[in-house]
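These notes are about the structure you will find just below.
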Amino acid sequence: MARRIAAGAAYGGGSIGLLGAATVGVLLAEVQLAKRQVGGGIAPVPPSADGRYGVAFAGPDDPLRLGLLGDSTAAGQGVRRAGQTPGALLASGLAAVSERPVDLRNVAQPGARSDDLERQVSLLLADTSRTPDVCVIMIGANDVTHRMPATQSVRCLTTAVRRLRTAGAEVVVGTCPDLGTIEPVYQPLRWLARRVSRQLAAAQTIGSVEQGGRTVSLGDLLGPEFEANPRELFGPDNYHPSAEGYATAAMAVLPTLCAVLGLWPESDRLDGARREDMLPVAKAASQAAREAGTEVTGARAPWALLKHRRRRRLPAATEPHPHPHPEPREETGEPGKRAGRQTGKKTGRTDEASRTAETRETGETGETHGKPGGLPAN
């Protein structure tokens, strides 16, 4: 099914759906009811996390530029502090690993569907002198709940990935989260929500990898934790993640974000003990959709690498420093030079930054064990 959806997206088909229209309509009604039951779907307006992170690493090299696109998950809806949003967590972690400042620009929009990515990409690429070095896209949940045709959803995503890659940016896609983890979505619709989400996530992986991106399956990344502590890992509306929920997702995405920039050495050797493998891209996408936290990277067509990277300990949450020349979010970006990807010369560091770097260098990864589990919908 995932391959058919991706193929339909590539060739302009629009008739292939995830489930029958009637079934999806019932699913949508159930999700809307669940949102009313857990707080009316109201969550705090996500705080702006745009700015510079890792200022202690300032040196002769330009900062790395990180762009974030997508829906309320990417925007960080559900938390009140900028430092708790996924963009801030990823920027802080990237700065600690690269030992360079990181400039974050987040153009994600709560409630956005994949057809909004065209606008978001245009915002990021409006100033060619400030093209991001790497972008993270988190999208898909609203496509399901608003019954967007799967082929259209994937086509919009692959177009966005292609535009960013053509502009020179690396791309990491956090695929559609598992709507079956929303509280309280009950059986029998819980398994339908899970099926729809996984099918879309697999199709997103195929389309993104074929355009030169990498994917990380969010899936049921927080599933076991949500079941054990639903009030801790859900936000105030019991629908979006809390600060702890976003931190769990960021820990899964950060290793791939660093690897795509060459900040961690890539090994050609697959770890069988971690169930890593080289598979046809469609099979890799399907397997990744079933196991959250799995990375899929394109190899020689039609093959893809299936990786389970060790999760990395995040630095303490920090608030952003203003850009040297702050601008409104909707404008074209800051003037300046495009940052290179090579690691700059080490400079003096704060104690906290030193401890973070020491953790990385000594191999104390803070890996979590057990089956990863998912993010709730947006």
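The values are calculated or read from the model by the stated rules, or taken from the named source; none is laboratory data. Fair warning: this is a prediction, and the values are worked out from it, not measured in the lab. FYI the Cβ positions are ideal-geometry reconstructions off the backbone, even for glycines, and counts take in every protein chain you see. Surface accessibility is based on the protein's heavy atoms, side chains included, excluding ligands, DNA and RNA. Shrake-Rupley method; radii C 1.70, N 1.55, O 1.52, S 1.80 Å.
Points worth noting:
Listed here are the residues, each with its yes/no results for (1) under 28 Å from GLU99 (Cα atoms); (2) open to solvent by less than 40 Å² (accessible area, probe 1.4 Å); (3) modelled with pLDDT under 85.
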site: ALA243; (1), (2), (3): yes, yes, yes
site: TYR246; (1), (2), (3): yes, yes, no
site: GLU266; (1), (2), (3): yes, no, yes
site: VAL281; (1), (2), (3): no, yes, no
site: ARG311; (1), (2), (3): yes, yes, yes
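Yes/no matrix, rows are residues, columns are (1) open to solvent by less than 10 Å² (accessible area, probe 1.4 Å); (2) over 18 Å from LEU200 (Cα atoms):
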| residue | (1), (2) |
| --- | --- |
| PRO63 | no, yes |
| GLN84 | no, yes |
| LEU90 | yes, yes |
| LEU94 | yes, yes |
| SER98 | yes, yes |
| ASN142 | yes, no |
| HIS146 | no, no |
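- The helices (runs of 4 or more DSSP H) found wholly in region 74-152 and carrying at least 1 residues that are closer than 19 Å to ARG214 by Cβ occupy 86-98, 117-125.
- Candidate set from region 117-133 (those that are crowded, with 19+ Cβ neighbours inside 10 Å and free of Cβ contacts under 8 Å to residues at least 60 places away in the same chain); member that is farthest from PRO320 (Cα to Cα): LEU117
- SER114 passes every criterion in (1) over 27 Å from ALA56 (Cα atoms); (2) modelled with pLDDT under 95; (3) open to solvent by less than 10 Å² (accessible area, probe 1.4 Å); (4) of a type in the set (Gly, Ala, Ser) apart from (2).
- TRP191 satisfies every condition listed in (1) in contact with a Leu (Cβ under 7 Å, 6 or more places away or on another chain); (2) surrounded by fewer than 22 Cβ atoms within 10 Å (Cβ to Cβ); (3) within 24 Å of ARG290 (Cβ to Cβ); (4) of a type in the set (A, V, I, L, M, F, W, C) except (1).
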